Amino acid sequence: MVLALVLAPCADPELFTTMRKATAHYEPLCRNVVGLQAKAAELLADAKWQASQQARDLHAKLPPNVQELLAKAAEPVQQAHAAALPLFNKYAAEAQQRLDPIAEKAKAAWRDASRETLTRAAPLLEQALKAAGLTAPQPAAPAPAAAASPAPATPPPPPAPKPVPITVLGLSEMNGIVEDSASVRQYLSELWDAAAVQVASKRKAVVWVLACRSEGECGAAEAKFFDAKSFYRIDGGFYSTPGSAGSLQSELTTYLRGEQAGLVLVGSPSRLHPNAVKVLNDAVSEGGHLTQDGVPVVTHRALYVVLADVPGVDVHDEAAVKDKLCADIAAAGDGDDASAAIVRSFRRRLDAVLPAREEQGGAPAFRVVTEEGNAEE
């Protein structure tokens, strides 16, 4: 209990500020703790991914008839899950709305009590940290002038990190969701390979926008994602209020703790409040992560797909689709500078736009219009 009391402020900005003012030795302690937590989370994610890869390899070695039996056995479970998920999300959102006011009051009372206790305990903590050898940060002294020496040899470049492929669904499954044309399939194939390198080298999640010409087209595309091995659906309507960001972070981290390489579907994004969008920004930023109960949660290994209903907009024009999507999100906010900054940040994190498959009629010739205005048929 004493350890929890000492370390709890590391995950709470307000309490951390209180402790840092009380003792200069507290900041290096928190830095070490958070660093260890992040490293442990990364090691756990690697272990789970390797175990998942081994399971897929074993499944591939099974006889075809056994694989078919397993697929048939899993089908009823997937159908039941797909049918129950909207109801579960609805009841969970209603319960969260009732609990939010109580949780905020309890959190405020806990913070006040913790602040008072920590302020009183600061002198004892200062002595303990000094005894443990954790020194307060000192200003760097100017380096003395040194005689010129030969430049050291340039070290060899570090080895390139091993790509982290998308495994929650296959490229063939994704091809069945996007527009049916050879050009789109080629573009998606290039994005698929680039995604594996991006996750490994930049530690940034892959975020694709699936541009739909109508709400029904988005619904048809979303239904096809239910064949993925695992997914979590964010309904923008459930996170349309300024106070809904906490609920989104709690639910998203709960999913990603168990499915680091899962699929995150963002439905009805135009209804998301910018405060909730900020949670997504933190999750998909380069080197970004979320925290749950003070523990870092790996978020960059998941695939994020935003289902954007943009009627009247050319779904092949990347800039136009992003502009329409972000304008709708901004309209759901409070119109202040902070909300506008969040939306601009979200736009920068969108890696690519893919047109959704048309369910009726022929698909037009695919044309990619990049942010720079270059067009390719």
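Quick look at the numbers
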| read-out | value |
| --- | --- |
| Of all residues in region 172-186 being part of a loop (DSSP other than H, G, I, E, B) and under 18 Å from K229 (Cα atoms), the one that is least open to solvent (accessible area, probe 1.4 Å) | I177 |
| All positions within region 295-335 that are without any contact (Cβ under 8 Å) to a residue 40 or more places away in the chain and acidic (D, E) | D323 |
| Pairs with Cβ under 6 Å, 6+ apart, first in region 202-229 and in contact (Cβ under 8 Å) with a residue 60 or more places away in the chain, second of a type in the set (K, R) | V207/R349 |
| Condition met for S189 (open to solvent by 10 Å² or more (accessible area, probe 1.4 Å), farther than 20 Å from L307 by Cβ and not hydrophobic (A, V, I, L, M, F, W, C)) | yes |
| Region 46-97 - residue that is under 23 Å from I166 (Cα atoms) and in contact with a Ser or Thr (Cβ under 9 Å, 6 or more places away or on another chain) and, of those, modelled with the highest pLDDT | R56 |
| Residue list for region 192-219, filter: assigned to a helix (DSSP H, G or I) and buried (at least 16 other Cβ atoms within 10 Å of the Cβ) | W192, A195, A196, Q198, V199, A200, E217, C218 |
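The values are calculated or read from the model by the stated rules, or taken from the named source; none is laboratory data. A quick note: this is a predicted structure, and the numbers were derived from the prediction, not measured. Backbone-built Cβ (ideal geometry, glycine too); neighbour counts: all protein chains shown. Calculation scope for accessible area: heavy atoms of the full protein, side chains included, ligands and nucleic acids excluded. Shrake-Rupley method; radii C 1.70, N 1.55, O 1.52, S 1.80 Å.
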